[in-house]
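One structure is given here, and the rest of the page talks about it.
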Amino acid sequence: MVAHDLDPLPNPQGEVAPVAPPPRRARVLPAIAVVVAVLIGGVVGGVATSRLLDRGQPAGATATATTTTTAPLASAARAGSAAPSIQSVYIQDAPSVVTISTEVLGRFGRSGTGTGSGIVLDTRGDIATNAHVIAGAQQISVTFNDGRTVAATVVGSDSAQDLAVLRVSVSASTLHPIAIGNSNTVQVGDQVYAIGAPFGLSGTLTEGVVSGLHRSNPGSNAAVGNLIQTDAAINPGNSGGALLNVQGQLIGITESITSPVDGNVGVGFAIPVNQLEQALAALEGGGQ
């Protein structure tokens, strides 16, 4: 088996890179008290397990309530109802996943292009992706789910962890931060979904399960032994995209594949979201 990063940079000739989530008076109204407690517990559980990295917004931007896009699915699942449908998860999270296009200057002044994915983190305009998606890029643009394309700048990049943060300057009201899950609770066999731009096909959804935990992929850019392995179809262009649990919460950033060919054979890897959270302070401070 040969390990591949999903989105290698263009070759020196400038060719496009190959598709290489006080007590009630029980004695007076016991039944009502139980019902109220259950309802309150469901709401609190949903909020506690569906976090948003909403740390700020651009100057002059209009603030909007972003938690309402994610709390209903998470709280419903925690209240014991059936898991949200795949369609519901996609509707909720597709606006939070973007397509990243790069232009890289090659030899003799010729340029090549690359494609990857990214995840909206907050209303400030921060977008997470893989460091290898934007490495060496002279120009970076981000295309949103609704078709808008804007320029992006690099805030911070860490090649050792293969993580990077970009920033775009758009109205906070047009951004859809993703709900953050807890990758420490992920188990083998959990159903997962991936959203990204394989082969440049923006907003592509694939489905699978967690195939393994604490994996290493020697050929990837992430020199870590804590990757999440999944059989959800992941291909070049998915790098920097979202790996979601059934509540639609981000649990990983899709990063690489292992394959004898430059395509999916059911062995993909994602960086746990908890690792991204730990790296954010340094990345947003301009870490390299």
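Looking across the stretch 263-288 at every residue that is among the polar types (S, T, N, Q) and in a helix (DSSP H, G or I), the one that is farthest from Q191 (Cα to Cα) is identified as Q278. Annotation: of all residues in the stretch 235-247 being under 18 Å from V133 (Cβ atoms) and among the aliphatic types (A, V, I, L, M), the one that is surrounded by the most Cβ atoms within 10 Å (Cβ to Cβ) is L243. For beta carbons closer than 8 Å, sequence separation of 6+ or different chains, a first residue in the stretch 230-251 that is acidic (D, E) and a second that is part of a loop (DSSP other than H, G, I, E, B), the qualifying pairs are D231/G266; D231/V267.
Show me the strands (runs of 3 or more DSSP E) found entirely inside the stretch 122-234 where at least 3 residues are open to solvent by 30 Å² or more (accessible area, probe 1.4 Å), under 17 Å from I253 (Cα atoms) and not aliphatic (A, V, I, L, M). Show your work before the answer.
Details: elements: 126-129, 139-143, 149-151, 153-158, 163-167, 191-196, 204-215, 227-230.
Fully inside the stretch 122-234 and qualifying: 204-215.
Could you figure out which of (1) over 19 Å from D162 (Cβ atoms); (2) touching a strand residue (DSSP E or B) at 6+ places or on another chain (Cβ under 7 Å) isn't true of S256? Of (1) over 19 Å from D162 (Cβ atoms); (2) touching a strand residue (DSSP E or B) at 6+ places or on another chain (Cβ under 7 Å), only one is false for S256: (1). Residues of the stretch 103-121 that are more than 24 Å from A270 (Cβ to Cβ) and in a loop (DSSP other than H, G, I, E, B): G106, R110. From the list L213, L250, L201, pick out the single residue that is at pLDDT 95 or above and within 15 Å of the chain's Cα centre (by Cα). Selected residue: L250, the only one of L213, L250, L201 that is at pLDDT 95 or above and within 15 Å of the chain's Cα centre (by Cα). Exactly one condition in (1) more than 18 Å from the chain's Cα centre (by Cα); (2) open to solvent by less than 70 Å² (accessible area, probe 1.4 Å); (3) over 15 Å from A172 (Cβ atoms); (4) modelled with pLDDT of 95 or more is false for G109; which is it? With respect to (1) more than 18 Å from the chain's Cα centre (by Cα); (2) open to solvent by less than 70 Å² (accessible area, probe 1.4 Å); (3) over 15 Å from A172 (Cβ atoms); (4) modelled with pLDDT of 95 or more, G109 is out only on (4). If the condition is being within 16 Å of D7 (Cα to Cα), open to solvent by less than 20 Å² (accessible area, probe 1.4 Å) and not aromatic (F, W, Y), then the stretch 263-280 contributes G263, G268, A270, I271.
Scanning the stretch 248-262 for residues that are surrounded by 24 or more Cβ atoms within 10 Å (Cβ to Cβ) and assigned to a loop (DSSP other than H, G, I, E, B) yields G248, Q249.
Taking first residues from the stretch 141-152 that are on the phi < 0 side of the Ramachandran plot and partners that are at pLDDT 95 or above and of a type in the set (F, W, Y), the Cβ contacts under 9 Å between residues at least 6 apart in sequence or on separate chains come to V150/F144.
The values are calculated or read from the model by the stated rules, or taken from the named source; none is laboratory data. Just so it is clear, the model here is predicted, and its values are computed rather than measured. Counting neighbours? That spans all protein chains shown, and the Cβs are built from the backbone with ideal geometry, glycine included. Just so you know, the surface numbers come from the protein's heavy atoms only, side chains and all, with ligands and any DNA or RNA stripped out. Shrake-Rupley method; radii C 1.70, N 1.55, O 1.52, S 1.80 Å.
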